[in-house]
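To start, the structure itself, in structure tokens.
The values are calculated or read from the model by the stated rules, or taken from the named source; none is laboratory data. Keep in mind the model is a prediction, meaning the values are calculated, not measured. All Cβ positions, even for glycine, are placed from backbone atoms using ideal geometry, and neighbour counts span all protein chains on display.
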């Protein structure tokens, strides 16, 4: 009898593991592909009258000039906590070491306010090798939510803001700082942004938060599978992969949907956040470590020139890039995402056309989802290195999402996952 029970338990565990495996890797197939033959340059209409899309010859001088004019691409993590926060462990040296290992150019810290703010130079940036660490603070605005504030100096530091959001934004802008909504749609009510989608004077909006994704996923039926996968990843040095697979909402992430609404009211840069808190130190090692999470959600900031070795200059370059909206984000495989672009093309006839360049080193088939004013326009099949022209036929805010296309399995696709999100570009406004 005992042997039968053991066998039954083993079968149930195996079935659970198989179902968990596929639940983390199957996604609904796109409802329809836009009727565009991308192998033919300057092909015509797409799905009626929403947009006109054509494939461009990337060898043409004007297209090469457009590609080369995008600037220097910096990779970084946003909203990282160190041991300065009351609920985290970790030193600046450990942050810098993990960032270097993940080839990050910058890390913006958002520690909870505490006595560390009284230390001289507490908010001074630091450059370690080629990575700039930018200290900031996660500030509570009662009844409204939380913001990440960067750039305040000793005489302008505020630990808690009781006034209007616009007044705080004005104070931050006066010192060329940076302010972003965080935890916009957190499952924890005390953190959630309660001001709807209004963010007057704020520079950015964290559309996807790794910690919130993890909280939601670890509360469902597949939590044991994800935990075991993460522990197995620690042994093989691939723990970032199961962490990425926690993000299964695709384009329906609440914070991303809210961002599209907020962006329709005022210019806001979309970023992704880690909100990572190493909770313990076991045998001298941080758990969970920075290194696994630094390979998940990455912000790609385009700037005119490399930051250099001066910490203050490097901080200003990063913050200016974030505020200028020259940003796209990747969810895993940040190095392969390099070279993505979505911005206006040069035009001789006065029409506003957007250039969409797929990363040359992406590898494998890609799927592109186009949106206007937060509404889906349609899907395109694309390949690494493709350069497309997107001409909107109406006034609006356009955005592009790139997916790993995966393998079709009827109404599903195996391995299809959201990979890159552009920031919006306006046409006709």
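Miscellaneous remarks
- Failed item, numbered, when residue 53 is tested on (1) surrounded by fewer than 21 Cβ atoms within 10 Å (Cβ to Cβ); (2) in contact (Cβ under 8 Å) with a residue 60 or more places away in the chain; (3) more than 26 Å from residue 199 (Cβ to Cβ): (1)
- Residue in segment 85-102 that is without any contact (Cβ under 8 Å) to a residue 24 or more places away in the chain and closer than 14 Å to residue 280 by Cα present: yes
- Residue among 397, 387 that is within 30 Å of residue 151 (Cα to Cα), modelled with pLDDT under 95 and outside the structural domain of residue 203 (by TED's automatic domain parsing): 397
- Enumeration of residues in segment 259-292 that are in contact (Cβ under 8 Å) with a residue 40 or more places away in the chain, over 21 Å from residue 426 (Cα atoms) and exposed (fewer than 15 other Cβ atoms within 10 Å of the Cβ): 279, 280, 281
- Those residues of segment 308-333 which are surrounded by fewer than 22 Cβ atoms within 10 Å (Cβ to Cβ), in contact (Cβ under 8 Å) with a residue 40 or more places away in the chain and over 19 Å from the mean Cα position of the chain (by Cα), in sequence order: 309, 310, 311, 312, 316
- Here residue 295 clears all of (1) touching a strand residue (DSSP E or B) at 6+ places or on another chain (Cβ under 8 Å); (2) touching a residue at least 40 places away in the same chain (Cβ under 8 Å) except the condition numbered (1).
- Only strands (runs of 3 or more DSSP E) whose full extent lies in segment 335-384 are considered here, and the ones with at least 1 residues that are surrounded by fewer than 19 Cβ atoms within 10 Å (Cβ to Cβ) and in the same structural domain as residue 416 (by TED's automatic domain parsing) are 341-344, 375-382.
- Residue within segment 102-113 that is assigned by TED's automatic domain parsing to the domain that holds residue 199, surrounded by fewer than 18 Cβ atoms within 10 Å (Cβ to Cβ) and within 24 Å of the chain's Cα centre (by Cα) present: yes
- Against the list (1) more than 24 Å from residue 413 (Cβ to Cβ); (2) assigned to a loop (DSSP other than H, G, I, E, B); (3) at pLDDT below 90, the condition residue 212 fails is (2).
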